[in-house]
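Colleague: First the structure, then my questions, so here it is.
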Amino acid sequence: MAFDLARHFLIALLIGALVGIEREKRKLGEPARSFGGIRTHILLALVGSASAWLARQLETPAIFIASLLSVAAIGVANRLRHDRSPQDTAPGMASEIAALSVVLLGAMVVVGDPALAVALAVVVSAVLAYKQPLHGLVERLGVDDIYSGIKLLIASFIVLPLVPDRPVDPWGAINPYQLWLMVVAISALSLVGYVAVRWLGTARGIAITGLAGGLTSSTATTLNIARGARLGSAAAAGSAAAAGILLAWVMMFLRVLAIVFATNRGLLGIAWPPLAAMAAVTALLAARYYVDGAGQGASVDDLQVSNPFSLTAAIRLGALFAVLLVAIRIAEQQLPGTGLYVVSAFAGAMDVDAITLSLTNGNAPLARAAAALVVAVLANTAVKCTMVLAVGKGAVRRQVGVATVAIAVTGIAAAALVLG
């Protein structure tokens, strides 16, 4: 018991030190706006943990409340003192809120969940440390981006609970609740990639552009980078462009794996070897091309990204998803040997997300669904390669063509080995 209590107090002090280190560094640059450094925050954590322990031992919550109010009063006094000095801009409240957070987290360690308190302390430190990047992200977001985020929240937490959770078609293939849930999940994943591009910018190097852009849309990223190579920009041409394109494709493979992981673990157990093999080959070729050319600071400054979420796009994706679910069900009934693969090839050429969701929610045998998923991914890869051949110029066409052949051979061989 004594050991556990000592460990909890030590964790509380470490939480204070974690936040205090960041505040100490910040104090060096903004001394007038700081509310203490590492020592102050260690003591604040001690105040929170000790007062919470005393309040529980004496069964007097007023002890902890008084401590919390005392720290708040000190923060207010510190704020008033700084407000009297001339400032170019109004200082924020981050330092004072961080101090109160340390007190509360210190109390959580003693009376609550130490692991959760540590996790929250890491979040607090990250929010404080990444002040400039977070402000930069907000500056890059437009009003339409904010509206898109609100629409996604509405679709997730208002519309979704109202959608019926039962099949509504004669084939029993379309469950509106599951369909809309998958649409929201895909939209959220695309929005994460979009935010990453807006945060990092497209001038951070073609590798980051390919990775972040591929999370949003590997097809759009492929087309933009290939177009940049065709325009003759030295930064985007040749091996650098090929590296960026292939990294976007790697994200496509990982995205498919993430969708299958979230929706059908049984299918994942069969489908992951060929998908992982294709992703590995793509990553190796991207690394080689990156070393050849992209390591020289290549970037794609003209990469255009737009917010991937809109209600119209979500409804369109949902409609495509529903059509594919019915098509797969009919193909399984009418052409059980080849119908599923034909549907997967055509659908994968248009949108790999929709066919992936359809296969994970269909009733096809797992081995056949895994093979169809490989067909869809290869069809999508072939379409993107065709885009590069049509729009690109120079070495990027040859390098992406070689990569496409290598991906196809790997995927087919791995599928044949695993699926028989």
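The values are calculated or read from the model by the stated rules, or taken from the named source; none is laboratory data. Please read all numbers here as calculations on a predicted model, not as lab measurements. Cβ coordinates were reconstructed from backbone atoms using ideal geometry, including for glycine residues, and neighbour counts include every protein chain displayed. These accessible areas exclude ligands, DNA and RNA; they are computed on the full protein's heavy atoms, side chains included. Shrake-Rupley method; radii C 1.70, N 1.55, O 1.52, S 1.80 Å.
Colleague: Among (1) modelled with pLDDT of 70 or more; (2) in a helix (DSSP H, G or I); (3) among the charged types (D, E, K, R), where does Arg198 come up short?
Modeller: (1)
Colleague: Tell me the helices (runs of 4 or more DSSP H) entirely within region 332-407 that contain at least 2 residues that are among the aromatic types (Phe, Trp, Tyr).
Modeller: Working: elements: 339-350, 352-361, 366-391.
Passing ranges, in order: 339-350.
Colleague: So, in region 383-420, of the ones that are among the polar types (S, T, N, Q) and over 25 Å from Ala271 (Cα atoms), which residue ends up surrounded by the most Cβ atoms within 10 Å (Cβ to Cβ)?
Modeller: Of region 383-420, the ones among the polar types (S, T, N, Q) are 386, 399, 404, 410.
Now drop any that are not over 25 Å from Ala271 (Cα atoms), which leaves 386, 399.
Details: Thr386: 13, Gln399: 25.
Once the filter is applied, the top-ranked residue is Gln399.
Colleague: May I ask you to list the residues in region 36-49 that are touching a residue at least 24 places away in the same chain (Cβ under 8 Å), open to solvent by 10 Å² or more (accessible area, probe 1.4 Å) and not in a loop (DSSP other than H, G, I, E, B)? Break it down stepwise before answering.
Modeller: Within region 36-49, the subset touching a residue at least 24 places away in the same chain (Cβ under 8 Å) is 36, 40-49.
Now narrow it down to the ones that are open to solvent by 10 Å² or more (accessible area, probe 1.4 Å): 36, 40, 42-44, 46-47.
Listed by number, the residues that qualify are Thr40, Ile42, Leu43, Leu44, Leu46, Val47.
Listed here are the residues, each with its yes/no results for (1) at pLDDT 85 or above; (2) open to solvent by 30 Å² or more (accessible area, probe 1.4 Å); (3) among the β-branched types (Val, Ile, Thr); (4) part of a helix (DSSP H, G or I).
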| residue | (1), (2), (3), (4) |
| --- | --- |
| Ser233 | no, yes, no, no |
| Ala241 | no, no, no, yes |
| Leu246 | yes, no, no, yes |
| Val250 | yes, no, yes, yes |
| Trp272 | yes, yes, no, yes |
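Colleague: Can you work out which of the residues in region 50-80 that are open to solvent by less than 60 Å² (accessible area, probe 1.4 Å), part of a helix (DSSP H, G or I) and among the hydroxyl-bearing types (Ser, Thr, Tyr) is modelled with the highest pLDDT?
Modeller: Ser51
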